[in-house]
1. Test Asn317 against the stated conditions and say whether it is surrounded by 15 or more Cβ atoms within 10 Å (Cβ to Cβ), in a helix (DSSP H, G or I) and among the polar types (S, T, N, Q).
2. Looking at segment 203-217, is at least one residue more than 16 Å from ligand 2 (Cβ to nearest atom), of a type in the set (Val, Ile, Thr) and in the same structural domain as Gln320 (by TED's automatic domain parsing)?
3. Which fully enclosed strands (runs of 3 or more DSSP E) of segment 140-247 have 1 or more residues being modelled with pLDDT of 95 or more?
4. For segment 79-95, indicate whether the set of residues that are touching an Asp or Glu at 6+ places or on another chain (Cβ under 7 Å) and not β-branched (Val, Ile, Thr) is non-empty.
5. Determine which member of the set Val278, Val303, Val316, Val322 is within 16 Å of ligand 1 (Cβ to nearest atom), among the hydrophobic types (A, V, I, L, M, F, W, C) and out of contact with any Pro (no Cβ under 8 Å at 6 or more places or on another chain).
6. Condition (residue is over 30 Å from Phe214 (Cα atoms) and loosely packed, with under 14 Cβ neighbours inside 10 Å) applied to segment 86-109: is it met by at least one residue?
7. Condition first: more than 6 Å from ligand 1 (Cβ to nearest atom), of a type outside the set (A, V, I, L, M) and surrounded by 24 or more Cβ atoms within 10 Å (Cβ to Cβ). Now tell me which residues in segment 136-165 satisfy that.
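The values are calculated or read from the model by the stated rules, or taken from the named source; none is laboratory data. None of these values were measured; they are calculated from a predicted model. As a convention, Cβ positions derive from the backbone with ideal geometry for all residues, glycine included, and neighbour counts pool all protein chains shown.
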Amino acid sequence: MKKFVIKPKIYFNEGSMKFLKEIKGSCAFIVSDSVMEKLGYLQKTIDYLNEAGIKSAVFTEVRPDPDVKVIAAGMRRYLEAHADTHADIIVALGGGSVIDAAKGILYSLWQFSKAAGKQFKRPLFIAIPSTSGTGSEVTNFSVITAEGEKVCIVDEWLAPDIAILDSACIQHVPQQVVADTGIDALVHAIEAYVSTEATPCTDALAEKAVQLIFENLRTLYNDVSDSHARECVQNASCIAGMAFTNANLGINHSLAHALGGTFRISHGRANALLMSAVIEYNADLNGNTGRYAAEKYAKLAAVLQLPARTYREGAVNFMQAVKDLKKSLGIPNGIRQLGIDQSAFENELGNMVELAFRDRCTSTNPRQPSREDLIGIYKKSF
Ligand SMILES: NC(=O)c1ccc[n+]([C@@H]2O[C@H](COP(=O)([O-])OP(=O)(O)OC[C@H]3O[C@@H](n4cnc5c(N)ncnc54)[C@H](O)[C@@H]3O)[C@@H](O)[C@H]2O)c1
Ligand SMILES: [Zn+2]
């Protein structure tokens with residue numbers, strides 16, 4: 001049975017971080033990173049909470065693609081800072097890595113308390129994303145690396161209660177991060193749209209996200225000071241998050257998790273490098289596995305006002321539009337261009353395919369792949 005749930009209350013627009021001044025509570029635990037600290041956003045968060053009479057303890061050791069060691073360090077910091085009483089608020093301030101780490105810390109604290117037979121009162125969980133992005137501020141997902149493998153924890157309990165989309169927080173994002181995270185959001189929308197779990201609700205969200213990204217990501221990439229483009233891409237990222245937390249994803253993400261974890265490629269870039277081959281595989285225009293995905297890609301072409309008189313024409317035009325967008329964002333043409341040696345890549349293929357095959361995103365891909373199919377997509381993307 002399919003269902004649709006969105007938990008967080010969402011505050012929009014530049015300056016919405018001020019909402020923190022209205023929060024009720026007494027002590028907060030803030031999860032963030034050194035970049036947020038350097039850019040002054042962490043201090044701003046502490047100051048706003050202070051104005052609300054809330055004291056804060058901070059953990060700023062999150063690194064991109066957080067692993068279990070970061071989660072353990074965050075738990076230690078939490079227990080040290082809140083030895084007598086639990087925090088009543090958790091704030092995640094940063095990119096997807098920070099929000100996922102906060103989810104991981106919160107989830108582990110809950111599980112450890114349960115195992116010890118203790119009560120754990122879930123704090124109010126506030127996410128303030130600083131990339132656009134993962135959509136993690138509205139999703140039930142947390143991606144944590146364990147023994148070199150990216151593992152998705154999925155639980156409705158993980159979704160933040162409040163998401164604050166303050167576009168001021170994303171005004172210093174480096175150009176390459178704008179491109180990679182923007183493409184990640186686009187892949188979320190596309191994969192949710194063709195997912196076997198898609199519903200009319202997730203379709204509506206995915207269509208809007210695709211439209212906003214095509215209309216604004218190039219502009220934002222070329223001029224990160226463009227506040228309209230910034231807000232549009234930030235909204236698109238959040239909307240795509242709402243779509244995929246309900247419809248799940250597909251093999252673009254399964255293959256990207258394995259590729260990114262193996263060769264230390266950022267999540268968004270790994271998705272970007274694979275997406276053309278994945279769309280082509282799913283559309284299967286020269287095969288006989290069905291038209292479902294190709295017809296949906298054609299619908300996205302129509303959303304972008306590209307010719308789509310037949311499903312074939314629409315799917316081809318959508319694929320070309322994706323290629324053109326990637327090119328204009330400086331995304332390399334293949335994995336090889338990252339300086340990865342071909343034999344090193346081929347040595348890892350078997351392992352990456354096994355990881356991708358059992359990734360939880362694979363089950364909702366519109367076309368069920370064989371291991372050989374996945375090898376083919378990796379080779380084509382190299
Ligand atoms: N939970 C989910 O639903 C979900 C979905 C997709 C991806 N992910 C995971 O999220 C992680 C990637 O997150 P991301 O793409 O947001 O990147 P990120 O959080 O890893 O950040 C990338 C880099 O940009 C920096 N940065 C962040 N915000 C900045 C700002 N405003 N100004 C300047 N620099 C800034 C960070 O410090 C970091 O160095 C991966 O681990 C991925 O697997 C999670
Ligand atoms: Zn993603």
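1. Yes, satisfied.
2. The answer is no, given that none of the residues of segment 203-217 is more than 16 Å from ligand 2 (Cβ to nearest atom), of a type in the set (Val, Ile, Thr) and in the same structural domain as Gln320 (by TED's automatic domain parsing).
3. 141-146, 162-164
4. The answer is yes, given that some residue of segment 79-95 is touching an Asp or Glu at 6+ places or on another chain (Cβ under 7 Å) and not β-branched (Val, Ile, Thr).
5. After applying the criteria, what remains is Val278.
6. The answer is no, given that none of the residues of segment 86-109 is over 30 Å from Phe214 (Cα atoms) and loosely packed, with under 14 Cβ neighbours inside 10 Å.
7. Glu137, Pro160
Yes or no, residue by residue, for (1) crowded, with 24+ Cβ neighbours inside 10 Å; (2) under 30 Å from Ser266 (Cα atoms):
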| position | (1), (2) |
| --- | --- |
| Val68 | no, yes |
| Arg76 | no, yes |
| Ala81 | no, no |
| Pro129 | yes, yes |
